[in-house]
Amino acid sequence: MGHQTFSVDDYRKARQTYGVTGDTGVTRNAEIRARDTGKLSDIVDPAINPTRFSKIRLNPHKKKWVATLGCPMDIEVSCDTTGSMGGEVDTEMAVLPELYDAVSKVLPGYDPQLCLGIFGDCGDKFVMCRPQFEMEAPKIVNYLKEMAPQRCGCGNHGEDPQYAMFARAYLTDAYTNRIGLKGYHFIITDEPYHNHLKRDQIERIFGEDVFKNDLKEMSEIPSVQKMTAELKQKTHQFILVLAKQYYTDTLDMWINLCGRNSVIVIEHTRQLPKIISAIIGLTEGTLDIAELEEYLGDAPNKSYLISQLSNIDIGAQAKLRHALSHPVPKAGDIFRNKSDTWPIQPGETSEEDEPEETPGHIEYL
């Protein structure tokens, strides 16, 4: 599966290749195509192969497999693109290099994999866009430009992010969950959610065969509360509420659903790299609460932001790591079979299990 990671040079080249020349209108062409054809691009359509994957990257090695970059870390961000937030994909594109760099620094030894999606309202033609988890700049730039935000939201005080949460809870196959860790899931919005999940909408969003294939074990549609509990079993889950026009009931509604330590009020989405990486660093135990003052720099309303971040479950991932039966896989670990959960452990190795001395001897797919 290769060893390539995100680079700023690749990001700049990809923007040129895909014609993303400005800071606004990133999704203009995709929106026109979606309107004219009535379809989303396959790479962001949640109905095309609905389950999203975050896998460890393994390459062939002496009849076995070698981990090229260590344990993947799935990070999913689903952003509201209704009303005043209609242009948020432009912001995501602009801050992408900073976001990848920031999360990489607080995840040493991991392979950060980003799924940056959007959502709207069930009254929209397209309720959400959801790409695969990716780690290379060209693939992320490509899927961002293919988003088709509807920019409406139907004006009914509430959107439908619960379907984006549903997707991570039930339509995601993440290596972190296989080994006993959790990935990260972020909803960014300035609105409350609608307190229901409907079968017909799930089929509309994720494909009419989703219950025959990906969700065949689901006997009944869960409540939003049960779905959120499932999501929290699989991810460190956070709601980032924009302060610019949130209502008191919006904040209260999210707190009631997800818990006070999962809801953070932010000033602007350009803060996302610092805030998301701070949350991950605190949760992983790679960033100390005492470092937040310096880490957040000139963030607006910083003292309030620090007080909120101080309330999250600090060190939660570190506790999960400590409880694992094996060390977290790292680059160079050898797997007997590509489908194995764990690499070969010390004492189980033979001479042919040892990795090559230099990466140049690895034949990448």
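Observations
- Test for LEU69: is it surrounded by 19 or more Cβ atoms within 10 Å (Cβ to Cβ) and within 30 Å of ILE344 (Cβ to Cβ): yes
- Within region 57-100, being under 19 Å from the mean Cα position of the chain (by Cα) and in a strand (DSSP E or B) holds for PRO72, MET73, ASP74, ILE75, GLU76, VAL77, SER78, CYS79, ASP80.
- Some residue of region 193-202 being in contact (Cβ under 8 Å) with a residue 24 or more places away in the chain, open to solvent by less than 10 Å² (accessible area, probe 1.4 Å) and hydrophobic (A, V, I, L, M, F, W, C): yes
A quick yes/no check of all residues on (1) under 20 Å from the mean Cα position of the chain (by Cα); (2) over 29 Å from ASP340 (Cβ atoms); (3) exposed (fewer than 15 other Cβ atoms within 10 Å of the Cβ); (4) in contact (Cβ under 8 Å) with a residue 60 or more places away in the chain:
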position	(1), (2), (3), (4)
GLN162	yes, yes, no, yes
ALA169	yes, no, no, yes
VAL224	yes, yes, no, yes
THR228	yes, yes, no, yes
PHE238	yes, yes, no, yes
ASP249	no, yes, yes, no
ARG260	no, yes, yes, no
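- Looking across region 333-358, the residues that are modelled with pLDDT of 95 or more, open to solvent by less than 60 Å² (accessible area, probe 1.4 Å), touching a strand residue (DSSP E or B) at 6+ places or on another chain (Cβ under 7 Å) and not β-branched (Val, Ile, Thr) come down to ASP333, PHE335, PRO343.
- Of all residues in region 153-170, those being out of contact with any Asp or Glu (no Cβ under 6 Å at 6 or more places or on another chain), at negative phi and assigned to a loop (DSSP other than H, G, I, E, B) number 2.
- Restricting region 173-202 to residues that are of a type in the set (Asp, Glu) and under 22 Å from the mean Cα position of the chain (by Cα), the residue that is modelled with the highest pLDDT: ASP173
- Residue that is farthest from GLY83 (Cα to Cα) [pool: residues in region 116-147 that are at pLDDT 95 or above and among the small types (Gly, Ala, Ser)]: ALA137
- Verdict on THR283 being buried (at least 20 other Cβ atoms within 10 Å of the Cβ) and within 24 Å of VAL127 (Cα to Cα): no
The values are calculated or read from the model by the stated rules, or taken from the named source; none is laboratory data. On a predicted model such as this, the values are computed, not experimentally measured, just so you know. Positions of Cβ are generated from backbone atoms using ideal geometry, with glycine treated the same way; all protein chains shown enter the neighbour counts. What goes into the accessible areas is simple: the full protein's heavy atoms, side chains included, and nothing from ligands, DNA or RNA. Shrake-Rupley method; radii C 1.70, N 1.55, O 1.52, S 1.80 Å.
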